[in-house]
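Working notes for the structure below.
The values are calculated or read from the model by the stated rules, or taken from the named source; none is laboratory data. All of these numbers come straight from a predicted model, not from anything done at the bench. Neighbour counts run over all protein chains shown; Cβ positions are idealised from the backbone, glycine included. Accessible surface is based on the protein model in full, side chains and every heavy atom, while ligands, DNA and RNA are left aside. Shrake-Rupley method; radii C 1.70, N 1.55, O 1.52, S 1.80 Å.
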Amino acid sequence: MKVRVENLIFSYGKFTLRVAGMTFAEARVTAIVGPNGAGKSTFLKCLASVLPPSRGAIFVDGRDLAGLSGKSRARLVSYVPQEPAFTFNYAVLDFVLMGRAASIPAFSSPARHDVEAAREALRFVGLADFESRPFFELSSGERRLVLIARTLAQQSEILLLDEPTTFLDPRHEMEIMGLVRRLAVERRKTIVVTLHALEMAVKYADEMVFMKGGNIVASGPPREVLSEALLKTVYDIEMGILDVAGRRLIVR
């Protein structure tokens, strides 16, 4: 499904997010990058309807998200925060089953097909043997995978992930971003992810969106948009770009 943003404005305090126009395509990964305070997470939350914009609109295949019910939006868009706060130490399967909430009638228990959807999601992320494990006993990398599994169980077509690789070691960074690419390629999901790790964005994203001060500075495929001048403009430091064995490396 295609996501289209038109004349989006969201303000709080002295900060204002402005996105005149932006399109996110089906079966592609878009990485939003930029310094702290650029508005990356705010933009993602607006896309997820967590923060309602004060002006403008977000369309999914021509439908205005603001005009849809919460359940209807949940069937279209899934949002994965950096790491949610939970009071109860749910078993992994029960946690993933929460992703089925929009599909379960009020006052009803999950049906057999809901449980199977949750288990299939755990299989896809490689955690089929973890369903009885308590969530709090998992590593950070495993928790991120469970969060993504919950999103898969929701069975929406658009996935929004906020900093999914933060505080992870290199192996888990690659594991998470490899999974994100599989979701775009194999499941044809429309995926938007915020990242601090530029190298991960360059390696795994089809499109990069550079933000600074609440504005879009540049966007496009990594090989076309990435330049030393752009990095200096966005991050206010000198960085170099090297091509090594077919990969683009950023040197600080």
### Added length on full extension, which subtracts the Cα-Cα distance from 0.36 nm per residue, GLU238 to LEU68
56.7 nm
### Summary
Quick calc: nm separation of the 7 Å Cα→Cβ label points for ARG75 and VAL251 -> 5.3 nm
### Message
Less than 29 Å apart at the alpha-carbon level, and either on another chain or at least 8 residues along: which lysines does that give for LYS14?
### Response
LYS40, LYS45, LYS212, LYS232
### Query
According to the square roots a ≥ b ≥ c of the eigenvalues of the Cα gyration tensor, what is the shape class of region 127-179, taking rounded for a/c under 1.5, prolate for a/b larger than b/c otherwise, and oblate for the remainder?
oblate
### Message
Can you compute 3J(HN,Hα) from phi for each residue in region 28-42, using the Karplus curve 6.51 cos²θ - 1.76 cosθ + 1.60 with θ = phi - 60°, rounded to whole Hz and x for Gly and Pro?
### Response
9, 9, 10, 9, 9, 10, x, x, 4, x, 6, x, 4, 5, 4
### Summary
Burial-style ranking of 131-140, 237-246, 191-200, average other-beta-carbon count within 10 Å with highest first, yields 191-200, 131-140, 237-246
### Task
Under 13 Å Cα to Cα from LYS2, which aspartates and glutamates show up? Leave out anything in the same chain fewer than 8 places away.
GLU26, ASP61, ASP64, GLU157
### Message
Using a 1.4 angstrom probe on the protein heavy atoms only, could you order MET211, MET1, MET174 from most to least accessible area?
### Response
MET174, MET1, MET211
### Query
Just by accessible area at a 1.4 angstrom probe, what is the order of HIS172, HIS113 from largest to smallest?
HIS113, HIS172
